[in-house]
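Note sheet for the following structure.
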């Protein structure tokens with residue numbers, strides 16, 4: 001228990017440094033974007049590669065992957081059902097954004113640090129990162145493409161269905177996080193190792209990932225004021241945030257314990273990973289498709305502020 005609380009303290013202190021830097025604007029207005037891009041395109045892929053290549057492949061694609069998939073798809077379906085029942089006047093694309101807000105976790109920016117400092121093994125975050133990048137992201141992008149095609153089609157460059165599929169596939173395969181995952185799986189499967197000098201360089205870059213992610217996370221909290229009445233989407237945000245912070249980890253516990261038979265650290269891992277706040281990728285998608293931006297932004301902010309306290313509660317109950 002002391003180790004778990006100590007891990008959360010380490011994470012919070014670095015987030016606090018990022019928040020303070022944002023408040024006094026030492027790094028400038030674009031610091032969050034620059035640090036996030038550096039982490040996404042360079043440091044995190046290196047970290048993913050080293051983590052996965054050093055882990056048995058069955059651990060990356062094992063029960064934790066299954067728990068992440070089953071719980072996320074169920075949360076998406078639950079929000080879509082509630083949307084039809086209690087959220088009239090929304091478009092299908094808005095419902096999908098709300099469902100993503102309720103189910104897509106911040107597996108990179110917070111998942112890696114929590115796995116490293118709270119759970120004690122950074123590789124425990126790899127299965128959920130792999131699931132979201134390789135399986136979930138292409139699914140929701142395809143759904144949003146279909147739902148917004150009629151409204152946005154006139155403004156887009158017309159492409160054949162085959163070209164569009166190829167473009168989406170290329171975007172997924174060229175995602176640096178996917179490349180890090182795939183290379184890591186290949187090296188793990190073949191038991192390959194990088195030359196010593198290259199390995200040390202990759203290791204140095206990977207070591208910067210967690211500080212970069214946590215500082216960028218702290219920067220993103222500056223000026224956060226969610227749940228404005230004027231937005232007209234407060235109910236959507238509250239439903240999505242409640243599902244994300246309460247229902248999602250609860251279901252992950254049931255799936256992990258009673259379907260996959262996990263216990264101890266593996267059970268704690270499944271529930272803590274499901275307790276992570278909503279990923280900022282949801283807001284990126286909302287902006288990209290011009291729908292549900294308020295829902296995405298406010299759910300990210302609410303779950304970000306309440307996410308770590310809720311994970312502390314989970315750890316206290318299960319550690």
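Key figures for this structure:
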quantity	calculated
Hits in the stretch 84-98 - residues which are assigned to a helix (DSSP H, G or I) and touching a residue at least 40 places away in the same chain (Cβ under 8 Å)	86, 92, 93, 94, 96, 97, 98
Helices (runs of 4 or more DSSP H) fully within the stretch 218-319 counting 3 or more residues that are surrounded by fewer than 20 Cβ atoms within 10 Å (Cβ to Cβ) and at pLDDT 85 or above	234-242, 264-274
Breaking point among (1) part of a loop (DSSP other than H, G, I, E, B); (2) at pLDDT 85 or above, for residue 158	(2)
Options 40, 79; residue that is in contact with a helix residue (DSSP H, G or I) (Cβ under 6 Å, 6 or more places away or on another chain) and closer than 24 Å to residue 298 by Cα	79
Filter pass, residue 86 being under 22 Å from residue 300 (Cβ atoms) and at pLDDT below 85	no
Filter result for residue 169 (part of a helix (DSSP H, G or I) and either modelled with pLDDT of 80 or more or surrounded by fewer than 11 Cβ atoms within 10 Å (Cβ to Cβ) (or both))	no
Number of the exception - residue 201 against (1) in a helix (DSSP H, G or I); (2) touching a helix residue (DSSP H, G or I) at 6+ places or on another chain (Cβ under 6 Å); (3) under 29 Å from residue 36 (Cβ atoms)	(2)
Residues that are crowded, with 17+ Cβ neighbours inside 10 Å, modelled with pLDDT under 85 and under 24 Å from residue 284 (Cα atoms), drawn from the stretch 1-44	15, 32, 36, 39, 40, 44
Selection status of residue 71, under 27 Å from residue 267 (Cβ atoms), outside any helix (DSSP H, G or I) and in contact (Cβ under 8 Å) with a residue 40 or more places away in the chain	no
Condition check for residue 202: crowded, with 23+ Cβ neighbours inside 10 Å and modelled with pLDDT of 90 or more	no
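The values are calculated or read from the model by the stated rules, or taken from the named source; none is laboratory data. No experiment lies behind these values; they were computed from the predicted model shown. No Cβ is skipped: glycine too gets one built from the backbone with ideal geometry, and neighbour counts run over all protein chains shown.
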